[in-house]
1. Restricting to DSSP loop positions (anything but H, G, I, E, B) with no more than 12 other Cβ atoms inside 10 Å of their own Cβ, which chymotrypsin sites (Phe, Trp or Tyr not before Pro) remain in the range 1-101?
2. Quick one: compute a quarter of the convex hull surface over the Cα atoms of the range 107-167 and quote it in nm².
3. Considering the Cα trace of the range 85-137, what is its radius of gyration and what is Dmax, both in angstroms?
4. How far, in nm, would the chain grow between Gln30 and Leu84 when pulled straight, counting 0.36 nm per residue and subtracting the alpha carbon separation?
5. Place a +1 charge on the Cβ of each Lys and Arg in the chain and a -1 charge on the Cβ of each Asp and Glu, then give the dipole magnitude about the Cα centre in debye, rounded to the nearest 20.
6. Please go through the range 1-102 and write out the GluC sites (Glu not before Pro) that DSSP classes as loop and that have at most 10 other C-beta atoms within 10 Å.
7. Could you count how many Lys pairs in the chain have their Cα atoms under 22 Å apart, skipping same-chain pairs fewer than 8 positions apart?
8. Enumerate the residues in the range 17-39 having an amide nitrogen under 19 Å from the point lying 7 Å beyond the Cα of Leu3 toward its Cβ.
Amino acid sequence: MTLLNILHYPDPRLRTKAKPVTKFGPELQQFAEDLLETMYDAPGIGLAATQVDVHKRIIAVDVSENRDSPHILVNPELTLSGELLETEEGCLSVPGVYEQVTRVDHIEVSARDPLGEPISFSASGLLAVCIQHECDHLEGKLFVDYLSNLKRTRIRKKLAKQRKASA
Ligand code: GNR
Ligand code: NI
């Protein structure tokens, strides 16, 4: 098991658009397990490869109470539907910041597993929100991008201060 290093906002590498995975197999499976372990260790309910500086379309998610229902999604494609839902979001790349974000409350997901087998399911509520948040990371987008410029500036200052205090 390997814990991966998580990048923090405003690191420019978080803005990289991830590339589709073309090579499936045991190596990808190993990376996916490291991504999942890093997510559980953090702890978080989701983690995108972008956040650990790997710019391939892979996300890990587990919103279950018992931390025993992981989803590893490779090349995920979402169809959004349903009502808009406002949720307080956080992000392991923006530590200590929680803000309301509006997203749809229902999605259809199609993806592959690390061995290349197709996966499809529908999701709602927190799972749907989390998968949308992770797919944004693969596009180089962060939840703070949905906030006002004023809030984003305050968040950058807060994180810079935290970084100095822990340096
Ligand atoms: O741990 C996380 N919690 C969370 C809460 C509400 C909406 C989205 C998330 S994802 C976040 C982990 C993370 O940064 N994933 O990219
Ligand atoms: Ni995040």
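1. Those satisfying the criteria are Tyr98.
2. Reported value for the Cα convex hull: 6.5 nm².
3. 12.8, 36
4. So the extension gain works out to 15.9 nm.
5. Dipole magnitude for the chain comes out near 1240 debye.
6. Glu65
7. For the chain, qualifying lysine pairs total 11.
8. Under cut-off, by backbone N: 31-39.
We did not get these values from a lab; they are worked out from the coordinates using the rules stated. For clarity, every value in this text was computed on a predicted model and none was experimentally measured. Positions of Cβ are backbone-derived with ideal geometry, glycine not excepted, and every protein chain shown enters the neighbour counts.
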